[in-house]
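First the structure, in the form of C-alpha cells, and then the observations on it.
Please treat every number below as a calculation from the coordinates, not as lab data. The shown structure was predicted, so the numbers you read here are calculated from the model rather than taken from an experiment. So basically every Cβ, Gly included, is an ideal-geometry build from the backbone, and we count neighbours across all protein chains shown.
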Amino acid sequence: MRFKLPVLIAGGLLLGVCLGLLIVPGALQRVVPKEVVRTVGTATVGGPFTLTDHTGKRVTDQDFRGRFMLVFFGFTFCPDVCPTALQVSAAALDKLGAKAARVTPVVVSVDPERDTPEQLARYVSSFHPRLVGMTGSADEIAAVARAYRVYFRKAKDERSAAGYTVDHSSIVYLMGPDGKFITHFTHTTSVDALAAGIARRL
Ligand code: NI
C-alpha cells in the first residue's frame, strides 16, 4: 500500500505532537484550558475579607488565623434554610465537646441593609454562644461572597415587611487555621455527619 507524501508528513506531525504532550512534563497542562484545571482544585474558595462583627468591631480573615472557621452565608430574616443550617452547625459543635473550641462558627450576612451589628447580635445569641455574625458594606459583602463563591440575589417578597427576601446558596464551609478551604457541607447535612466531618479534620 502506498501513502501520498503529504499524508505521511501530516501523520508524522500529529504523532509527534501527541508524543510530545505525553513525554514533556507539564505540556498537557499547558495545552488544556486553564478553566478546566481550576475547577479541579479547591484552593480558590475563601480569601481575604474585611467586615464588621456583631459587636461592631472591624474584623479581617487574619483575626481567625490559628482557628478553624465554620462559615455560613445567610441573613437574619431568612425564614427556614438559615435557621436550620445554624441550628445544625451549633448542635454539631456541641456534639464535639471540648474539641469544638478550635472551631469558630461564623455567619456572614448577605443582607447588610437589614443586618446591622445590633440585629446580628440578637440573632447569633439565639443559636450558639460563640457564633460570630458578620456584616459590612454592600461592596464588602459582594467581595467576600465572590471569594467564597456564594450566590445571593435580592428578590421581591410581598410577605416581608421590607418587601424583599434574599435568595442565596446554603453551603457550610470548613476553613483551616491557615485560612484555607478544607471541605464543605450543606444545610441538609445531618448533625452527626457534620460533627463527624469536622472531627475528622481537626
Ligand atoms: Ni437563608
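Reachable aspartates and glutamates from Lys95, Cα under 19 Å, same-chain residues fewer than 8 places away excluded?
Within the straight-line limit of under 19 Å, Lys95 reaches these aspartates and glutamates: Asp192.
Between Ala98 and Glu158, what is the label-point separation in nm under the 7 Å Cα-to-beta-carbon projection?
In this crude spin-label approximation the distance works out to 5.7 nm.
State to the nearest 20 debye the size of the charge dipole of segment 130-202 about its Cα centre, where the only charges are +1 on K and R beta carbons and -1 on D and E beta carbons.
Roughly 160 debye for segment 130-202.
Tally Lys and Arg at +1 and Asp and Glu at -1 over the other residues with C-beta under 14 Å from the C-beta of Ala199: what net charge comes out?
In short, +3.
In Å, what is the Rg of the alpha-carbon atoms in segment 76-202, and how long is Dmax?
14.7, 44
What net charge do the residues around Ala101 carry, taking every other residue with its C-beta under 13 Å from that of Ala101, with Lys and Arg at +1 and Asp and Glu at -1?
Around Ala101, the surrounding residues sum to +3.
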